[in-house]
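K.L.:
Following this message is one structure expressed as structure tokens.
Derivation of every value follows stated rules applied to the coordinates shown; laboratory data play no part. Quick caveat, the model's predicted, so the values are computed rather than measured. In this analysis, Cβ positions are derived from the backbone assuming ideal geometry, glycine residues included, and neighbour counts consider all displayed protein chains.
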């Protein structure tokens with residue numbers, strides 16, 4: 001990898017993560033309308049991967065600048081909370097399959113776009129911690145994007161959007177993930193004291209997202225035990241991945 | 001005084017510190033549904049943050065052992081749940097509560113008590129490295145135990161258990177620490193390979209408890225945004241706290 005400009009590595013892997021979202025239409029394409037239980041497990045999978053990334057960033061990314069990291073985490077949490085409240089997407093139920101309200105449609109797209117941006121901060125910051133670590137985090141978030149897109153697709157399809165457009169939309173909502181990854185990598189890379197802030201921001205944002213949206217959603221869709229198991233296994237996979245990097 | 005007695009006394013002191021965790025509940029006068037939800041959110045954050053610390057320490061000693069131990073921890077909770085489910089929930093009485101509340105309190109105490117076994121081993125092993133740092137390690141672990149007492153009291157106090165009894169049960173949950181610290185200290189070389197398994201076990205059991213009991217209960221009684229905010233802040237505070245000790 002040494003011959004390649006590291007910025008290109010960030011671009012490549014964040015693009016992989018964004019395009020992985022297209023795979024989210026597959027379950028729908030294969031078996032038609034998905035049972036709520038499957039969507040719940042998908043949300044739990046997405047939540048567990050996010051929890052694992054937050055853990056990995058905290059342990060690998062905050063070896064020094066712990067206080068700045070903590071302050072960054074509070075900032076990340078507040079940023080997500082305020083942004084979602086300001087745009088009216090707080091407490092948004094991500095699986096109202098039969099809700100055809102136009103407002104619900106744009107809110108859903110917005111939520112997916114916002115998720116992509118926060119994950120972009122995580123990828124950019126992780127790549128600055130070390131490229132192999134960043135790559136494993138980008139791959140974890142790529143997998144995370146699949147069940148997230150699966151939930152997105154389920155709603156789009158019930159609103160009459162063809163699957164090929166759903167796949168395109170799922171990827172398009174993640175374009176900003178690529179942009180934010182690269183910008184964070186370049187900007188924070190040129191101002192190293194900002195790194196603990198960026199790592200902390202990503203941790204706070206991801207933890208808040210999975211706790212305010214993914215997990216409460218999943219609990220209403222499937223049994224608590226199965227949700228807890230899926231979440232834990234997903235987290236364990238990221239812990240293993242992060243250590244291998 | 002022999003080193004063995006000293007290790008026991010130090011570990012006992014850390015167990016007693018757990019009881020201090022009940023003190024904040026002297027200031028919570030009225031226990032409404034919202035307080036129940038938010039207490040569970042705080043307990044969830046404390047246990048998640050503590051597990052992050054256990055996993056990162058465990059993976060230093062052995063990654064596969066930590067993950068394997070976590071799996072055993074999850075199976076342990078599943079089996080315990082199954083055993084508790086064998087009793088008629090309506091007839092189950094524990095402290096001031098019955099039914100669902102009694103079951104959750106019992107499970108919480110089981111989880112926290114078994115996790116103390118692993119912590120006791122960790123204490124003993126660290127003492128095995130020499131007695132010079134003993135006082136420092138003891139103080140650090142005693143302070144670590146206080147939030148665990150807070151987590152236990154946060155689950156028990158809303159069920160109508162008195163502050164004094166919350167403190168008592170918190171100390172009981174930590175008693176395995178002195179009991180395990182002494183053999184671990186004496187047989188440190190034999191015990192060391194088991195350490196990642198023990199730490200992983202404790203982390204797996206605690207995260208699973210958070211996901212299967214505490215968070216669903218928190219979301220049931222409290223709003224998504226406040227639960228997510230409180231849990232995220234608690235995780236961050238717990239991680240900072242561990243880093244500075």
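K.L.:
How big is chain A by the Kirkwood estimate over distinct Cα pairs, in Å?
P.N.:
One over the average 1/r among Cα pairs gives 17.7 Å for chain A.
K.L.:
Could I have the simple spin-label model distance between residue B:186 and residue A:172, label points 7 Å from Cα toward Cβ, reported in nm to one decimal?
P.N.:
Calculated label separation equals 7.1 nm.
K.L.:
Still on this structure, please answer the following. Taking neighbour counts of Cβ atoms within 10 Å as a proxy for exposure, in what order, fewest first, do A:97, B:26, A:214 appear?
P.N.:
Ordered from fewest to most neighbouring Cβ atoms within 10 Å, A:97, B:26, A:214 come out as B:26, A:97, A:214.
K.L.:
For helix B:224-243, what angle does its Cα long axis make with the longest principal axis of chain B, in degrees from 0 to 90 and rounded to 10?
P.N.:
10 degrees
K.L.:
Using a Gaussian network model on chain A with a 10 Å cutoff between Cα atoms, which of A:79, A:19, A:185 fluctuates the most?
P.N.:
The residue that fluctuates most here is A:79.
K.L.:
How do B:23, A:207 line up, fewest other C-beta atoms within 10 Å first?
P.N.:
The order, fewest Cβ neighbours first, is B:23, A:207.
K.L.:
Between rounded, prolate and oblate, where does region A:1-111 land on the alpha carbon gyration tensor, with a ≥ b ≥ c its root eigenvalues, rounded for a/c under 1.5, else prolate if a/b exceeds b/c?
P.N.:
oblate
K.L.:
Sort B:161, B:182, B:239 so that the residue with the fewest other Cβ atoms within 10 Å of its own Cβ comes first and the one with the most comes last.
P.N.:
Ascending Cβ contact count within 10 Å gives the list B:182, B:161, B:239.
K.L.:
Quick one: compute the contact order of chain B, relative version, from alpha carbon pairs under 8 angstrom and 6+ residues apart, as a percent.
P.N.:
It comes to 46 percent, rounded to a whole number.
K.L.:
Next up: Pairs of Cα atoms under 8 Å, at least six residues apart: use those to get the relative contact order of region A:6-244, whole percent.
P.N.:
Relative contact order here is 47 percent.
K.L.:
Based on alpha-carbon centroids, what's the gap between region A:64-95 and region B:10-69 in Å, whole number please?
P.N.:
23 Å
K.L.:
Something else about it: Could you calculate the contour length gain from residue A:161 to residue A:190, that is, 0.36 nm times the residue separation minus the distance between their Cα atoms, to one decimal place in nm?
P.N.:
Working it through step by step, the gained length comes to 6.2 nm.
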